[in-house]
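A.B. asks: Below is a structure I'd like to ask you about.
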Amino acid sequence: MNNDDIKVISKKWLGDNTNFIKLLYKKPYHELANRPIYLTLLLVLFERTQTLPLSPFEIYREAVYLIIRDWDDGRDIVRLSKYANFNVRKKLDFLQEIAFYLTYQIKSNVFSSKLLFEIYKIIHNKYSLPRDEIDEVIAEIESHNGIISEAGYETFEFSHLTLQEYLCAEYLISLPYSRNTITYFFERPDPLAIAICISKDSGLWLSNLLLNENLDISNYTTSKTKPQNSYNRGNFENSLSRLLSRLIDEAPIFTQSFELGATIVYLIPNFQNKDQIFGLVRKLLTIPNVSNSTLLFLNDCTIEIKEDLKLCIITRNLFSRTPNFIKLPYYERINLSTWRKVEIILKKNTKN
């Protein structure tokens, strides 16, 4: 559907209420409205609350549940699976795992029946599904919801890329951190950004991603590092920029934490001379509780201003600890002009 179609349908649904259209096009997920089922979801949500969710991941979650369960419930349709125990929860888990394999193993959004069969062979036992009935299983999922749709002759895709990324993110937060996480960060950081948002502690998830002692992703910020793989500082900066940009778009809900503050204090000096990344860090500081977390960490530090050197030196006090396996910043040097800008942002966005 195009913009005119959306306006016509929303007017029929809501009458002369034009606030829906105004709000919709301010949201990063507005392209979802191009598909009828998502437009319907957005209209239902707006009709109930007279607003739209701030965070895109809330829309993804609502869309998945609506399509796979609530949509049929609302039409009083009871769909019984041919396969015992292949219920709504199992179908969601199944879709999440398919999305994960497509994103990080096959690295594709459009996939053939053959590739889908290869994934199915790997995961079907978890769901007590017959090995040789992939066509029937996929047909059943498609008839139930439409999250996976046919893209062409014997090819499929998720009905919207953001849904694939969301489902992949749901699968990611069920996995332990491993060296593979580094690969995910460098190759496709967008699902990781969504995973940060939907996790139970967004700040700690972000901290563990960037400062985890075992992953040691932060080592890529120094040109002296000689990684054991092909990734380098340039790759790191590109991935970090994508991660932070998507994270800001997703509007995460942070709680105040020492670890989140430590992450910000790590980012500021390491990327103060990288305009794009530092600009994203400044935006990050305006999200609720990020500035408060930064000050919480700085309260355990000694801050020394060197006017002659035009530097601000931050030294962490030795007694500060965290029960989490993250590498806390200890000694950081920030350009004084940069520090003054950060001070203004902290003051403006800090709640007493």
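Taken together, the values in this text are just the output of simple stated rules run on the coordinates, not laboratory data. Note that the structure is a prediction, hence the values are computed from the model and not measured. As a convention, Cβ positions derive from the backbone with ideal geometry for all residues, glycine included, and neighbour counts pool all protein chains shown.
A.B. asks: Please give, to one decimal in nm, the separation of the simple spin-label points placed at Met1 and Thr315, each 7 Å out from Cα toward the Cβ.
C.D. replies: Simple spin-label model gives 6.3 nm for this pair.
A.B. asks: In the structure shown, do any of Lys121/Lys327; Lys107/Lys200; Lys26/Lys348; Lys11/Lys107; Lys26/Lys283; Lys274/Lys348 have a Cα-Cα gap over 29 Å, and if so which?
C.D. replies: Working: Lys121/Lys327 40 Å; Lys107/Lys200 27 Å; Lys26/Lys348 24 Å; Lys11/Lys107 40 Å; Lys26/Lys283 17 Å; Lys274/Lys348 23 Å.
Violating the 29 Å Cα-Cα cut-off are Lys121/Lys327; Lys11/Lys107.
A.B. asks: Provide the net charge surrounding Tyr220, with neighbours chosen by a C-beta distance below 10 Å and charges set as Lys +1, Arg +1, Asp -1, Glu -1. It would help to have the intermediate numbers written out before the result.
C.D. replies: Values: positive: Arg233; negative: Asp216, Glu237.
Residues near Tyr220 contribute -1 overall.
A.B. asks: Compute the FRET efficiency between Gln50 and Val88 as 1/(1 + (r/R0)^6), taking r as their Cβ-Cβ distance and R0 = 45 Å, and round to the nearest 0.05. Present the calculation step by step, with values, prior to reporting the outcome.
C.D. replies: Details: r = 29 Å, r/R0 = 0.65.
Plugging the Cβ-Cβ distance into 1/(1 + (r/R0)^6) gives 0.95.
A.B. asks: Roughly how many debye, to the nearest 20, is the charge dipole of the chain about its Cα centre, given +1 on each Lys and Arg Cβ, -1 on each Asp and Glu Cβ, and no other charges? All intermediate terms of the calculation are to be shown ahead of the outcome.
C.D. replies: Numbers: 43 positive and 41 negative charges, 256 e Å.
My answer is approximately 1240 debye.
A.B. asks: Sticking with this one: Among 150-161, 1-12, what's the highest-first ranking by average C-beta atoms within 10 angstrom per residue?
C.D. replies: Details: 150-161: 15.1, 1-12: 13.3.
Ranking, from highest mean packing down: 150-161, 1-12.
A.B. asks: Right, another one. Using just the Cα positions, wrap segment 176-349 in a convex hull and report its mean projected area in square nanometres, one decimal place. Don't skip to the end; give the middle numbers.
C.D. replies: Values: hull surface 38.8 nm².
In nm², the orientation-averaged hull projection of segment 176-349 is 9.7.
A.B. asks: Just to confirm the number: angle between the C-alpha axis of helix 88-100 and the first principal axis of the chain, 0 to 90 degrees, nearest 10?
C.D. replies: That works out to roughly 60 degrees.
A.B. asks: Would you give the gap between the C-alpha center of segment 231-309 and the C-alpha center of segment 155-182, rounded to a whole Å?
C.D. replies: Value for the Cα centre distance between the two parts: 25 Å.
A.B. asks: Relative to the longest principal Cα axis of the chain, at what angle does helix 134-144 sit, 0 to 90 degrees, rounded to 10?
C.D. replies: Value to nearest ten degrees: 90.
A.B. asks: Shifting gears a bit: [x] 21.3; [y] 22.5; [z] 21.9: which one is Kirkwood radius over Cα pairs in Å as calculated from this entry?
C.D. replies: [y]
A.B. asks: Given the rule -39500 (n - 2.57) for each run of at least 4 DSSP H residues, summed and divided by the residues of the chain, what is its mean residue ellipticity at 222 nm, to the nearest 500 deg cm²/dmol?
C.D. replies: Details: 17 runs with 184 residues, N = 352.
Roughly -15500 deg cm²/dmol at 222 nm, from the helical runs in the chain.
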